[in-house]
Amino acid sequence: MSTPACRLYLITPPRLDDLPAFAARLEAALAAGDVAALQVRLKDAPEPVIAEAVRVLGPIARAHDVALILNDDPDLAARLDCDGVHVGQSDASYAEARRRVGRDRIVGVTCHDSRHLAMEAAEQGADYVAFGAFFPTSTKDAPTRAEPEVLSVWQETMETPCVAIGGITPENARGLAAAGADFLAVSAGVWSHPAGAAAAVKALNAAIAAGLADRAGSALP
């Protein structure tokens, strides 16, 4: 089966007060449909808490062939043997993150709504660039708002994959997939879905499929 042109990229909630319960929810979510990556994003959590989350969630992700990405901390990502790290503009630079995690791990970079930042990251070798926020989000304070056009222009001009992030739900995902996102990064849209995480993953994959059909239709002469 061919790899979809747009895939889900899940992000954990900012707190995991009941790690075993969340692990069960994650298992159900990953079993429900295609997911490319899981980012462990526990802002302000102490290192032992993050390490325990990686220890518990990592095997679940890998059992479903899902890449395990750690937010912010390249050194910790390397020590915990994560598949990669995601860095923001106020975290380690791409070059520093790459030096710390090595050549074989994924390094993704937040680029807000800026094609300039994204081009710099891509030219340096980033594995993906992330644009956002596209919609209002309660998961984090988003300093910028991005428009779907940035995805379309990026898809037409650059080869480095792009991630859309920020307030994405099954109801608004279709347009971002159609616009050109290679990945849709979703947190609350899955974990706070009223029908549960598994239902959210199914609905998001259906929205992605519809968006990719829209993208293919718009490319026809």
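Every number here is computed from the coordinates shown, using simple stated rules; none is lab data. Since the model is a prediction, treat every value here as computed from it, not as a measurement. A quick note on method: Cβ atoms are made from the backbone with ideal geometry, for glycine too, and the neighbour counts reach across all protein chains shown.
So the values come out like this:
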read-out	value
Asp17/Ala195 FRET efficiency (R0 25 Å; Cβ-Cβ; nearest 0.05)	0.70
Dipole magnitude of the stretch 1-103 about its Cα centre (Cβ charges: Lys, Arg +1; Asp, Glu -1), debye to nearest 20	260 debye
Pair Val49, Ser93: separation of 7 Å Cα→Cβ label points (nm)	3.1 nm
Shape category assigned to the chain from the gyration tensor of Cα positions, a/c cut at 1.5	oblate
Distance between modelled label sites at Ala209 and Ala24, nm, 7 Å Cα→Cβ extension	2.9 nm
For Val85, residues with placed amide H under 5 Å, excluding near neighbours	Leu70, Ile106, Val107, Gly108
Per-pair calculated FRET efficiency, R0 = 45 Å: Thr157 and Arg79 via Cβ, rounded to 0.05	0.75
Amide H partners (placed H, <5 Å) of Gln39, local residues excluded	Leu10, Ile11, Thr12, Ile69
Local electrostatic count at Gly180 - Lys and Arg +1, Asp and Glu -1, tallied over other residues with Cβ under 13 Å	-3
Extension reserve of the Ala5-Ser138 stretch, reckoned as 0.36 nm per residue once the Cα distance is removed	45.1 nm
Computed magnitude of the charge dipole of the chain (debye, nearest 20; Cβ of K, R +1, Cβ of D, E -1)	300 debye
Qualifying trypsin sites (Lys or Arg not before Pro) in the stretch 1-94, DSSP loop, other Cβ atoms within 10 Å at most 11	Lys43
